[in-house]
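Data first, discussion second: the structure below is written as structure tokens.
The values are calculated or read from the model by the stated rules, or taken from the named source; none is laboratory data. Since the model is a prediction, treat every value here as computed from it, not as a measurement. Counting neighbours? That spans all protein chains shown, and the Cβs are built from the backbone with ideal geometry, glycine included. Heavy atoms of the whole protein, side chains included, go into the accessibility calculation; ligands, DNA and RNA do not. Shrake-Rupley method; radii C 1.70, N 1.55, O 1.52, S 1.80 Å.
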Amino acid sequence: MLVLNCSTKLLMLEKMLKSHFPESLKVYGAVMNINRGNPFQKEVVLDSWPDFKAVITRRQKEAETDNLDHYTNAYAVFYKDVKAYQGLLEECDVINWDQVFQIQGLQSELCDVSKAIAHSKRLDVKLTSFQAVHFSPVSTLPDTSFLKSSPPRLTYLSVADADLLNRTWSRGGNEQCLRYIANLISCFPSVCVRDDKGNPVSWSITDQFATMCHGYTLPEHRRKGYSRLVALTLARKLQSRGFPSQGNVLDDNAASIGLLKSIHAEFLPCRFHRLILTPAAFSGRVHL
């Protein structure tokens, strides 16, 4: 195992990962954030350098942690050789198996390998798979003139909005998610539409892997074009900063799939896999 701390080598790794799109997108997004101030206190672990065969991004060990917070305790994975990834998992100091955490990536073999090792350590594993999407370069946005002179208006989220997002996110509704969303809003780009009282009615945020997530419009404000506008605006904001504009969508989310198709998002050939792993000591105490 090698922890890559050198800023020059991290920039080299960022460039190297680009040649392995789309499978490397999650790790690439995390490495980009590390190279741009590292607001989420991440680090990179590899099997070797520079001819690595597996790379994992994880939370820095010195960072404050909550053992129930699988949102923040997240690892992104990319490998050229799945056996090298398995070797990293089997090393004693790469993964913290004593807390609830998640592993995510865009390669299918990581699921079986991760589950096998987790089960050997008596961890419960919940797997969810999504369609992965990438947004084409956004050159023009829908007409926003109706949002400039008076409410509703197009703007960004603040930490004060975290409670609303926590209550409306299908993965939320708990203390750990509330804190996680507040951190995302503080660290990464977001977009929202606010009503005449200044309250968000439609929004999307960016996560620690530079992935667009939690796109949501309050039911009473749907069919007004807000979701389309928010998605395209956030994609353009990420692209203007050099980030890939990527997202994930569940297979049964027909409304979001229809929206993504209408704005010509590219559905990638690989799928996004997220595993949430729970030690027996925390069974029944975790919001999944």
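Tabulated results
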quantity: Every residue from the stretch 175-198 that is surrounded by fewer than 16 Cβ atoms within 10 Å (Cβ to Cβ) and either in contact with a His (Cβ under 7 Å, 6 or more places away or on another chain) or of a type in the set (S, T, N, Q) (or both); calculated: SER186
quantity: Residue within the stretch 60-67 that is out of contact with any Gly (no Cβ under 9 Å at 6 or more places or on another chain), surrounded by fewer than 16 Cβ atoms within 10 Å (Cβ to Cβ), among the small types (Gly, Ala, Ser) and at pLDDT below 95 present; calculated: yes
quantity: Checklist (1) polar (S, T, N, Q); (2) surrounded by 21 or more Cβ atoms within 10 Å (Cβ to Cβ); (3) modelled with pLDDT under 95 applied to THR72, failing item; calculated: (3)
quantity: Pick from the stretch 199-211, criterion in contact (Cβ under 8 Å) with a residue 40 or more places away in the chain and of a type outside the set (S, T, N, Q), ranking: surrounded by the fewest Cβ atoms within 10 Å (Cβ to Cβ); calculated: VAL201
quantity: Qualifying residue in the stretch 262-272 (condition: surrounded by fewer than 16 Cβ atoms within 10 Å (Cβ to Cβ) and either in a helix (DSSP H, G or I) or small (Gly, Ala, Ser) (or both)); calculated: yes
quantity: Tally, over the stretch 148-170, of residues that are at pLDDT below 95, within 19 Å of the chain's Cα centre (by Cα) and open to solvent by 40 Å² or more (accessible area, probe 1.4 Å); calculated: 1
quantity: Neighbours by Cβ (under 9 Å, 6+ apart or cross-chain): first from the stretch 1-19, among the β-branched types (Val, Ile, Thr); second surrounded by 13 or more Cβ atoms within 10 Å (Cβ to Cβ) and at pLDDT 95 or above; calculated: VAL3/GLU43; VAL3/VAL44; VAL3/VAL45; VAL3/LEU46
quantity: Residue in the stretch 236-248 that is of a type outside the set (Phe, Trp, Tyr) and over 20 Å from LEU25 (Cα atoms) present; calculated: no
quantity: Selection from the stretch 212-257 of residues that are part of a loop (DSSP other than H, G, I, E, B), within 17 Å of ARG274 (Cβ to Cβ) and touching a residue at least 24 places away in the same chain (Cβ under 8 Å); calculated: LEU250, ASP251
quantity: Subset tally (residues that are in a loop (DSSP other than H, G, I, E, B) and open to solvent by 30 Å² or more (accessible area, probe 1.4 Å)) for the stretch 17-37; calculated: 7
quantity: Yes/no for GLY37 being within 22 Å of PHE188 (Cα to Cα) and touching a helix residue (DSSP H, G or I) at 6+ places or on another chain (Cβ under 7 Å); calculated: no
